[in-house]
Ligand SMILES: [Zn+2]
């Protein structure tokens, strides 16, 4: 369903987040400027869940959940974005006119989309078993996939043709536009009224929802070629973050075992099921999300994420797993010492494979172990700093105690000094200058990013300063995509409305990491005595930094040129004077 931006703004303008949240958080009470209560997203005895009536956002200092009213409802009611908007609108008695489509049409499209996918699935499966599919079939058999698995997972093959599926769909008078929308056909680059097959020369893994309806496809290339995996795009029937490959088969085994194992690839899921380990699923070409964990938590009490030995998505997934503290399941992590699950099992057997699964540890143990694994001595301080970041995110003081001790043990450092360093670290809002690490060890990029982050935090908390900032900075030149996007949006908002509505900012960000970043910006206990003064300080220090960069640059050029060049020297002199002037401002 499409909801126009104006409607969303209209709803946000008429909504009081605290009134709606109160229904979900009975303990919510006004305390100072904010409402505070027990968090609905994690278990706690002392309230750390906060609602800001002035900003119209919520944030939990325990589990870091946060956002505007739509995020709150989405999380509580397990709804996607448009449905949360509609939900809030219903509460407020606002009627949403869906301007683009009417509902009966959507229902019909969903049914048709499933039918088209089913048709394609059967066609691809038949092709794999035909003589023309021999090469793909042999490839699967060589990889160790059994005949039975090919059948039961309904694996298929899309031939190397632009019109194989297109012709069959046309002859069945299928809705080709819909087939394009769900990603089976692509528009022709030169003539967009013409279409062609999207999956070509690929092994096809049909992706089912929990009811075994075909909602998407994953296509793996068998020869050289890119991308290695091609997945259906998100569509009216396919939302990646809500789907796990294999769940339609795995869910009853997950329930029986009270445990789910998550692996990274389609073939790994198939390999495990084939070997009789049937409580196994995989996310679809994306990092694990909190909603994946929520879905699994309906079936089990323990989730084990098994990383490949060379996993690329390890950090993103660990992030999601740490957020998972709000989900009422035990989440653990393990990593194979070599290969991927399917290949590992074939080489070493099921028992050895399960031994690794059974040794899974909590994500925080895994993260700390990883930080110090193979860390050279001279980087120990950096290691400690990274471990502190992990420790700081923990919810409970007692946990922090345990992991500080663990950190000291692993790093081979005296526990007391680790504690002292951590105390200093956690007292410092900017999280960078721990004793032992000198600021000049930070790269210049770090300095700039950090300062722009300070600027963003200042602007978020004192929005009137944006009118200076739009004149002083080119936000596009910031070397940090998130900050650049955020500051540009704030500038636009200011230009259009003369003010910044924090709750509306949240709607520009969908990515979990970005949202978390945004939450932290708005909810840090950022307070300064004199915002204007702080603004000038930041301005001057960035200016100074810019001059230093230019001086370095020119010094380098002088060094590289063989003869003395006066123009460089003059430039250098101008810069140095400018620098002195700023320094006197700063200290004056
Ligand atoms: Zn919480």
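The values are calculated or read from the model by the stated rules, or taken from the named source; none is laboratory data. Keep in mind that this is a model prediction, so the values were computed, not measured. Positions of Cβ are backbone-derived with ideal geometry, glycine not excepted, and every protein chain shown enters the neighbour counts.
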Name the residues in segment 7-27 that are in contact with a strand residue (DSSP E or B) (Cβ under 7 Å, 6 or more places away or on another chain) and under 16 Å from residue 73 (Cα atoms), would you? 17, 18, 21, 25
Tally time: how many residues in segment 461-501 are within 22 Å of residue 538 (Cα to Cα) and part of a helix (DSSP H, G or I)? 27
Among the listed residues 291, 297, which satisfies the condition of being outside the structural domain of residue 143 (by TED's automatic domain parsing), in contact with a strand residue (DSSP E or B) (Cβ under 8 Å, 6 or more places away or on another chain) and at pLDDT below 90? 297
Could you say whether any residue in segment 341-356 is within 26 Å of residue 39 (Cα to Cα), at pLDDT below 95 and not in a helix (DSSP H, G or I)? no
Failed item in (1) surrounded by 24 or more Cβ atoms within 10 Å (Cβ to Cβ); (2) in a helix (DSSP H, G or I), with residue 256 passing the rest: (1)
Quick check: is even one residue across segment 197-209 buried (at least 16 other Cβ atoms within 10 Å of the Cβ) and at pLDDT below 90? yes
Can you pull out the residues in segment 178-196 that are modelled with pLDDT of 90 or more and under 17 Å from residue 235 (Cβ atoms)? 178, 179, 180, 181, 182, 183, 184, 185, 186, 195
When only residues in segment 147-191 that are touching a residue at least 60 places away in the same chain (Cβ under 8 Å) and assigned to a helix (DSSP H, G or I) count, which is farthest from the chain's Cα centre (by Cα)? 148
State whether the residues of segment 51-73 include one that is over 20 Å from residue 519 (Cα atoms), touching a strand residue (DSSP E or B) at 6+ places or on another chain (Cβ under 7 Å) and outside the structural domain of residue 499 (by TED's automatic domain parsing). no
Residue 490: passes all of (1) closer than 28 Å to residue 82 by Cβ; (2) within 21 Å of the chain's Cα centre (by Cα) but (2)
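Which is exposed (fewer than 14 other Cβ atoms within 10 Å of the Cβ) and either in a helix (DSSP H, G or I) or at pLDDT 85 or above (or both), of 550, 559, 543? Talk me through it step by step, then tell me what you get.
Working: 550 fails: exposed (fewer than 14 other Cβ atoms within 10 Å of the Cβ); 543 fails: exposed (fewer than 14 other Cβ atoms within 10 Å of the Cβ).
Being exposed (fewer than 14 other Cβ atoms within 10 Å of the Cβ) and either in a helix (DSSP H, G or I) or at pLDDT 85 or above (or both) holds for just one of 550, 559, 543, which is 559.
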